[in-house]
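Chemist: Dumping the structure here so I can ask a few things about it.
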Amino acid sequence: MLAGDRLVMHAVRRNAPWTAILAATAVGGAAAELALPYMAGRTVDAFVVADPAAVRWLAGCAAVVACVVLCESLGMWAGGVTGARAAARLRLGMLRHVLGVGPAVTRRFPEGELVTRAGLNAEEVARAPASVTGALALLVPTAGALVALTLIAPVLTLTLLAGIVLILIVLNTFLRATTTIAGGYQEAQGELAAGLVEALGGARTIAAAGTEDREVLRVLRPLPRLRLHGMRLWRANATAGVRAGLVVPLVEVAVLAVGGFMLAAGDLTVGELYAAARYAVLGAALSGALGPIGGLARARAAAGRMAEVLAVPRTRHGSRALPSGTGAMEFRDVTAAGLTVPRLVIPGGSLTAVVGRSGSGKSLLAALAARMADPDRGTVLLDGIPLPELTGPELRRAVGCAFERPVLVGDTLADAITLGRPTPDDAVLNGEPDGEPDGEPDGGPDGVLDGVLDAVTVAARADGFVRRLPHGYATRTMDAPLSGGERQRLGLARAFAQGERLLVLDDATSSLDTVTEREIGRALADGPGGRTRLVVAHRLATAAQADQVVWLEDGAVRGQGPHRELWRDPAYRAVFQGEEP
C-alpha cells in the first residue's frame, strides 16, 4: 500500500489551496464547538447568581453556534470543490499515463479495468483530502477537551484519556480491515466493468449467436463476490460503530461520576460540572471519525489500484533527430515475447510483406518496427538510429501506422487524418500540387490543407466517399456514417499523411473489397514518395507485389526473399491456404 498511500498524499498536497480552506473550516468549526461548553458553563453560572453579564454570555453562545453553522456550510462547499478538482487532476494524469504507455498497458489490464480505475477509483481517491481533514479536525476538540479538563480537574483528564485510547484502537483496527475489504470490492467492480466492455465490443457476435443469456451470466459472475465484500464492509462499519458507541457513554458516565463526587465535596461548581460533561462528550467525539476513516480506507484501496497502472513505465524517447535517409530499417538480435529476429534488413524505399500463419509474430514485428512495442533484447534501427533514441515527435513524423480497426481521433475527418500535425507535401504522393485536376479549384476553404487531404485520400481510395459527405473533410467524426472498409481507408490516409519515411500496415486492408484492395496494393507497390513500406499480408496478391517477403513461423524468420523464390517451398505455399499465384 506504500505506492497507494503516496498517491493519496499527492492528491492532498496538489489540492493544497482548497484543502487548506477545507482544513480551516474544519478546525474553525471544531474550535467553536470546543468553546461552546465553556461559554455555556459561564452562562449557567451567571444566571444562577443573577449576574447582569448573563445576557452577554448568552449572546456569546449564540455567536459561537452561528460560527459552527457557518464553518460547516463552508466546509461542505470546500469539500465538494476539493473532490471535483482532485478527481479531474487524477483522471487527467491517469489518461496521460495510459496513453503514454501505449498498447503495453492494455495487454496487462483489460479496458474495463482501466475505465474503472480512472473513473470510480479516481473519484474515491479524490475524496481523500476531505477524509484526512475531517479526521484531523476531530483531533482539535479531543485535544482541547483534554486541556480544558486538565484546567478544571486533572483527574477528569485521566478518565477521558483512557477512553480516547480505546477509541483509537477501534479506529486503527477499522482502518486496516476496511482498506483490505474495500480493495476486494473495487477489484470485483473492475472485473464486472471489464466483462461488460468486452461483451459490448462483441455485441453483434453475441446477437448473431443467440448467446445473450450465457453472456449475461459471464458478465455478472463477479456479483457474488461484490455482494460478499459489500456485506463485509457493512459488518466492519457496524462492529466499529458498536465498539466506539460503547466507549463513549462509559467515558461520559465516568467523568460525570468523578465530577459529581467533586461537586459534592465543593471542588467544582455546577457550571464547571456542566462544562466537564460537555468536554467529555467532545473528547469522546473522536469516535465520529468512523466516517472519515472509512473514506480514507476506500481512498487507500483505490489509490493502490491506480498506482498499479501508474507503475507501468511510459515509453521513453531520446533526443536525437533522423539524418537524411531513405527509411531503411534493421533488426539486430531482437527478442520480444517469443519472437526472435537475429538480423533483418529492410531496404529504404522497398515494399516488404510479412507473412505467416496466425500466431507466428507478424503483428509483433510490425509493432516493433513502429515502436508500438520495445524488444526485450536487441535493437531496431531506422536509417541507422535506434528507435528509442529518437524524440517522440521525430519518431511519429517518420513512421505512419494503419491497423485493422483504426480509431479516428479528432473532431472532424480532417483532424482524424492529419492529427493536427504538418503533413508531407502531397506532391510526393501523386505529383499534383493541390490534389485536384489542373485548372480546378480546391474543394475546401483552405487550399493547401485541402490539397494535402485530397492527395492522401486519393492514395487510400477514400476521396470518393469523403466528397459525398455533406461537409466533406469538415464532417464531424462522430456524425460520419462509416463502414468498416471506409474507416480502414481513412486509417490508411492517416498513415500516408503522417509517415514521411516508413509506413507500417498491420492487416489494414482486411475489411476492403477485392477491387479497392488491389487499387491500394498498386498504390503501395508504386512506392508513394519513395517511402519504405512494411505490410502484414494475408493475401497472395500482396506478397506477390512486394519487393521482398519476410516469412515468419513459430516466432522466427523461416525465409526472406522475393515471393517467386519462396513460392517454390510447399510450406510457404501452405501459408496462403491453396491460393494460386
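Chemist: Give me P(r) over the stretch 24-171, computed from all C-alpha to C-alpha distances, binned every 5 Å, as integer percentages.
Modeler: Going out from 0 Å in 5 Å bins, the stretch 24-171 shows 2, 8, 12, 12, 12, 12, 10, 8, 7, 5, 4, 3, 2, 1, 1, 0 percent.
Chemist: Net charge within 15 Å of Leu138 by Cβ-Cβ distance, Lys/Arg positive one each and Asp/Glu negative one each, not counting Leu138 itself?
Modeler: Here the charged neighbours net out to -2.
Chemist: How far is it, in nm, from the label point at Leu139 to the one at Val409 when both lie 7 Å from their Cα along the line to the Cβ?
Modeler: About 4.4 nm separates the two model spin labels.
Chemist: Report, in deg cm²/dmol and to the nearest 500, the calculated mean residue ellipticity at 222 nm for the chain, where each DSSP H run with n ≥ 4 adds -39500 (n - 2.57) and the sum is divided by the residue count.
Modeler: Helix contribution divided over all residues of the chain: -20500 deg cm²/dmol.
Chemist: Next question, about the same structure. Quick one: Debye curve from the alpha-carbon atoms of the stretch 293-428 only, equal weights, vacuum; give me log10 I(q)/I(0) at q = 0.09, 0.13, 0.19 Å⁻¹ to two decimals.
Modeler: -0.39, -0.73, -1.24
Chemist: Give the carbon-plus-sulfur fraction of the accessible surface of the stretch 461-580 in %, rounded to a whole number; probe 1.4 Å, heavy atoms of protein chains only.
Modeler: Details: 2440 of 5490 Å².
It is 44 percent, rounded to a whole number.
Chemist: At a 1.4 Å probe radius, carbon and sulfur cover how many percent of the accessible area of the stretch 146-252?
Modeler: Carbon plus sulfur share of accessible area: 67 percent.
Chemist: So, one more: Regarding the stretch 239-344, what's the average projected area of the Cα-atom convex hull, expressed in nm²?
Modeler: 15.5
Chemist: Just the number, please: Stokes-Einstein D of the chain in µm²/s, Kirkwood Rh from C-alpha pairs, 4 °C, 1.567 mPa s.
Modeler: 44
Chemist: Now, a different point. So if I average 1/r over every pair of distinct C-alpha atoms in the stretch 453-495 and take the inverse, what Kirkwood radius in Å does that give?
Modeler: About 10.2 Å, per the Kirkwood formula over Cα pairs.
Chemist: Using a probe radius of 1.4 Å on heavy atoms only, what accessible surface per residue do you get for the stretch 4-132? Whole Å² is fine. Please list the in-between numbers first.
Modeler: Working: 6610 Å² over 129 residues.
Accessible surface, normalised per residue, equals 51 Å².
Chemist: For the chain, what is the charge dipole size about the Cα centre, in debye to the nearest 20, if Lys and Arg each add +1 at the Cβ and Asp and Glu each add -1 at the Cβ? Can you show the working numbers first?
Modeler: Values: 57 positive and 57 negative charges, 403 e Å.
With Lys and Arg at +1 and Asp and Glu at -1, about 1940 debye.
Chemist: Another question, then. Plugging the Kirkwood radius over Cα pairs into Stokes-Einstein for the stretch 250-299, at a temperature of 20 °C and a viscosity of 1.002 mPa s, what D comes out in µm²/s?
Modeler: My calculation gives 175 µm²/s for D.
Chemist: By what distance, in whole Å, do the Cα atoms of the stretch 142-298 stretch along each of the three principal axes, largest value first?
Modeler: Extents along the principal axes, in whole Å: 89, 22, 20.
The values are calculated or read from the model by the stated rules, or taken from the named source; none is laboratory data. From a predicted model like this one, the values you see are computed outputs, not experimental measurements. Because the Cβ atoms are built from the backbone with ideal geometry, glycine has one as well, and the counts that use them run over all protein chains shown. Ligands, DNA and RNA are stripped out before the accessible areas are found, and what is left, the full protein with its side chains, is counted by its heavy atoms. Shrake-Rupley method; radii C 1.70, N 1.55, O 1.52, S 1.80 Å.
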